[in-house]
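Colleague: Attaching a single structure in structure tokens format; questions to follow.
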Amino acid sequence: MAVRSEAFWLARRREMLLPPGEVQLNAGTLSPTPRPVLEAVERLRRRQAASPTDFVTREGPGRIQRSRARLAAFLRADPEDLLLLPNVTHGLNVVAASRLLRRGEEILLTDHEYGAMAACWKRAAEASGAVVRVMQLPFEAETEEAVVDAFRRALTSRTRVLFFSHVTCTTGLVVPAAEICAAARRRGVTTVVDGAHAPGMVAVDLGRIGADFYGANVHKWMMGPSGCGFLHARRSRKTRLRSLITSWGWGYPPSRREWDSGWGGSYWQRDFEFMGIVDRTPHMVIPEILDFRRRLGGEAAIASRVRGLSDCARARLAGIGLRAATPKNPALRGALLAFELPRRAPGDLRERIWRHARVETAVTEAAGRRFLRVSLAWFNTREEVDRLAVALQQIL
């Protein structure tokens with residue numbers, strides 16, 4: 001891998017839509033969009049607005065099929081097992097609503113899951129009479145084995161579904177997903193993985209991970225436009241899913257022979273993806289998203305860049321008295337870094353940082369503790385990290 005200079009990254013930064021005077025350290029929620037990707041979306045939207053029937057029925061299916069193939073290759077998956085959906089919340093709600101649980105059975109979650117997803121599974125449990133159990137995640141562990149062991153110990157004979165985040169939204173712990181899915185599969189437990197923060201931050205090999213269901217976003221670390229997410233299902237589990245909206249595509253056999261549905265995918269995919277007329281141009285620019293990342297030097301170059309920024313932020317904020325809650329072990333961390341907040345930290349810290357220094361961050365909570373979450377994207381700079389540190393010193 002060729003080492004990219006600071007001048008290279010600063011030149012590429014000019015291709016991002018970054019407002020002057022603002023610091024974006026929250027790409028983990030929603031990334032700014034690269035100019036070439038936004039321009040591609042706008043071109044397609046203008047074509048759709050000018051000749052909507054032609055665009056949706058004739059041009060759209062081919063573009064969707066091309067995007068599905070490119071994304072599947074990026075994720076090391078088969079395009080036939082991949083659904084292109086608005087976001088990870090939508091995808092995981094499909095799984096939760098598909099009645100994977102029966103009365104008295106157990107779904108196991110960690111205490112670091114995204115709040116909306118925890119609510120989603122609680123609702124599904126109420127509907128089926130199942131039980132939600134929450135395990136303690138050793139989020140500060142420095143070995144992969146310690147994390148995997150915690151999951152092994154938490155699984156019981158009643159556990160039927162295990163739900164966990166590939167990268168936690170609270171502290172940025174990169175969970176050893178493949179090892180945990182393998183352990184659950186040996187126990188006959190269905191695995192559902194929230195990969196919202198993984199693609200574009202860490203390598204995602206869905207074949208190796210082996211989750212029964214894996215959902216994620218493209219609008220976070222991959223820097224796609226909003227409205228672009230996906231759900232992947234293991235081939236043997238696809239028929240367990242039930243679409244949230246009944247429309248065209250329902251009732252057809254989900255066989256490989258039915259690929260040409262006039263949709264850009266199989267009838268199985270059409271069943272989940274067709275929700276009436278919606279704007280699918282965000283899905284259609286996945287090739288442009290991946291091409292842009294390739295021009296940055298590819299995933300290895302991006303990961304190296306953010307690793308350096310993460311190390312800088314860890315040292316700089318430690319210098320003002322904040323302790324990192326994200327492991328140091330490179331196998332357990334990526335581009336999302338969290339610091340435990342002292343009790344004196346104001347409840348509106350995120351807004352105070354924004355008002356004081358125009359720096360966008362996030363504040364998260366888990367297991368009774370509060371964290372300042374810093375999402376370090378390749379376009380950030382050490383000077384922006386310094387700006388955050390100075391603001392925190394003045395506020396705290």
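The values are calculated or read from the model by the stated rules, or taken from the named source; none is laboratory data. Being a predicted model, the structure only gives us computed values, none of them experimental. Note that we place each Cβ from the backbone using ideal geometry, even for glycine, and neighbour counts take in every protein chain shown.
Colleague: Every residue in region 91-108 that is surrounded by fewer than 19 Cβ atoms within 10 Å (Cβ to Cβ) and touching a Gly at 6+ places or on another chain (Cβ under 9 Å), please.
Modeller: ARG102, ARG103, GLY104, GLU105
Colleague: In addition: Just the residues that are within 27 Å of VAL218 (Cβ to Cβ) and in contact with a helix residue (DSSP H, G or I) (Cβ under 6 Å, 6 or more places away or on another chain), please, taken from region 99-108.
Modeller: Kept after step one, since they are within 27 Å of VAL218 (Cβ to Cβ), are these residues of region 99-108: 100, 107.
Across region 99-108, the qualifying residue is only ILE107.
Colleague: Right, here's the next one. Here are some residues: LEU332, LEU309. Which one is at pLDDT 95 or above, under 19 Å from the mean Cα position of the chain (by Cα), among the hydrophobic types (A, V, I, L, M, F, W, C) and not assigned by TED's automatic domain parsing to the domain that holds GLU59?
Modeller: Details: LEU309 fails: under 19 Å from the mean Cα position of the chain (by Cα).
Exactly one residue qualifies, and that residue is LEU332.
Colleague: Determine whether region 33-55 contains at least one residue that is at pLDDT below 95 and either in contact with a Ser or Thr (Cβ under 7 Å, 6 or more places away or on another chain) or closer than 30 Å to VAL385 by Cβ (or both).
Modeller: yes
Colleague: Taking the condition touching a Leu at 6+ places or on another chain (Cβ under 8 Å) and in the same structural domain as VAL175 (by TED's automatic domain parsing), does PRO282 pass?
Modeller: Values: touching a Leu at 6+ places or on another chain (Cβ under 8 Å): no; in the same structural domain as VAL175 (by TED's automatic domain parsing): yes.
No: the conditions fail for PRO282.
Residue-wise test of (1) among the hydroxyl-bearing types (Ser, Thr, Tyr); (2) modelled with pLDDT under 95; (3) within 26 Å of PRO199 (Cα to Cα).
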| position | (1), (2), (3) |
| --- | --- |
| LEU244 | no, yes, yes |
| TRP250 | no, yes, no |
| ARG256 | no, yes, no |
| GLY262 | no, yes, no |
| SER266 | yes, yes, yes |
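Colleague: Out of region 210-228, which residues are within 23 Å of ALA301 (Cα to Cα), not basic (Lys, Arg) and not in a strand (DSSP E or B)? Even if it seems obvious, please write down each step before you answer.
Modeller: Here is the first cut: in region 210-228, the ones within 23 Å of ALA301 (Cα to Cα) are 216-225.
Narrowing the set further to residues that are not basic (Lys, Arg) leaves 216-219, 221-225.
Once the filter is applied, which keeps residues that are within 23 Å of ALA301 (Cα to Cα), not basic (Lys, Arg) and not in a strand (DSSP E or B), region 210-228 yields VAL218, HIS219, TRP221, MET222, MET223, GLY224, PRO225.
Colleague: Restricting to region 45-80, give me the number of residues that are crowded, with 21+ Cβ neighbours inside 10 Å and either of a type in the set (D, E, K, R) or not assigned by TED's automatic domain parsing to the domain that holds MET201 (or both).
Modeller: 1
Colleague: On the given criteria, is VAL95 at pLDDT below 95 and over 19 Å from LEU290 (Cβ atoms)? Walk me through it before giving the result.
Modeller: Working: at pLDDT below 95: no; over 19 Å from LEU290 (Cβ atoms): yes.
Spelling it out, it is not the case that VAL95 is at pLDDT below 95 and over 19 Å from LEU290 (Cβ atoms).
Colleague: Related question: How many of the residues in region 109-149 are closer than 20 Å to ALA324 by Cβ, of a type in the set (A, V, I, L, M) and crowded, with 16+ Cβ neighbours inside 10 Å? Step through it out loud before you land on a result.
Modeller: Here is the first cut: in region 109-149, the residues closer than 20 Å to ALA324 by Cβ are 110-112, 136-144, 146-147.
Going one step further and asking which of them are of a type in the set (A, V, I, L, M), we end up with 137, 141, 146-147.
Right, trim to crowded, with 16+ Cβ neighbours inside 10 Å and you get 137, 141, 147.
Number satisfying all stated conditions: 3.
Colleague: Which one of these is farther than 24 Å from ALA198 by Cβ and among the basic types (Lys, Arg): ARG35, ARG66, ARG70?
Modeller: One residue alone meets the criteria, ARG35.
Colleague: Okay, moving on. Determine which single condition ARG307 fails, assuming it passes every other condition in (1) surrounded by 15 or more Cβ atoms within 10 Å (Cβ to Cβ); (2) in contact (Cβ under 8 Å) with a residue 60 or more places away in the chain.
Modeller: That leaves (2) as the condition not met.
Colleague: Determine, yes or no, whether ALA40 is at negative phi, surrounded by fewer than 20 Cβ atoms within 10 Å (Cβ to Cβ) and not assigned by TED's automatic domain parsing to the domain that holds ARG373.
Modeller: On the way: at negative phi: yes; surrounded by fewer than 20 Cβ atoms within 10 Å (Cβ to Cβ): no; not assigned by TED's automatic domain parsing to the domain that holds ARG373: yes.
Against the criterion (at negative phi, surrounded by fewer than 20 Cβ atoms within 10 Å (Cβ to Cβ) and not assigned by TED's automatic domain parsing to the domain that holds ARG373), ALA40 does not qualify.
Colleague: Give, as residue ranges, the strands (runs of 3 or more DSSP E) completely inside region 315-396 that count at least 1 residues that are small (Gly, Ala, Ser) and more than 16 Å from PHE139 (Cα to Cα). Let's see the steps before the verdict.
Modeller: Values: elements: 336-340, 362-366, 369-375.
So the answer is 362-366, 369-375.
Colleague: Another question, then. Taking only pairs six or more apart or across chains, which ones have beta-carbon atoms under 9 Å, a first residue in region 208-237 that is touching a residue at least 24 places away in the same chain (Cβ under 8 Å), and a second residue that is surrounded by fewer than 24 Cβ atoms within 10 Å (Cβ to Cβ) and of a type in the set (Phe, Trp, Tyr)?
Modeller: Taking only residues 6 or more apart or on different chains, the pairs are MET222/PHE74; MET223/PHE292.
Colleague: Yes or no: PRO20 part of a loop (DSSP other than H, G, I, E, B) and without any contact (Cβ under 8 Å) to a residue 40 or more places away in the chain? So that I can check it myself, show each step before the final result.
Modeller: Numbers: part of a loop (DSSP other than H, G, I, E, B): yes; without any contact (Cβ under 8 Å) to a residue 40 or more places away in the chain: yes.
In short, yes.
Colleague: Right, something else. Which residue out of GLU351, GLU288 is at pLDDT 95 or above and more than 28 Å from LEU71 (Cα to Cα)?
Modeller: From the options GLU351, GLU288, the qualifying one is GLU351.
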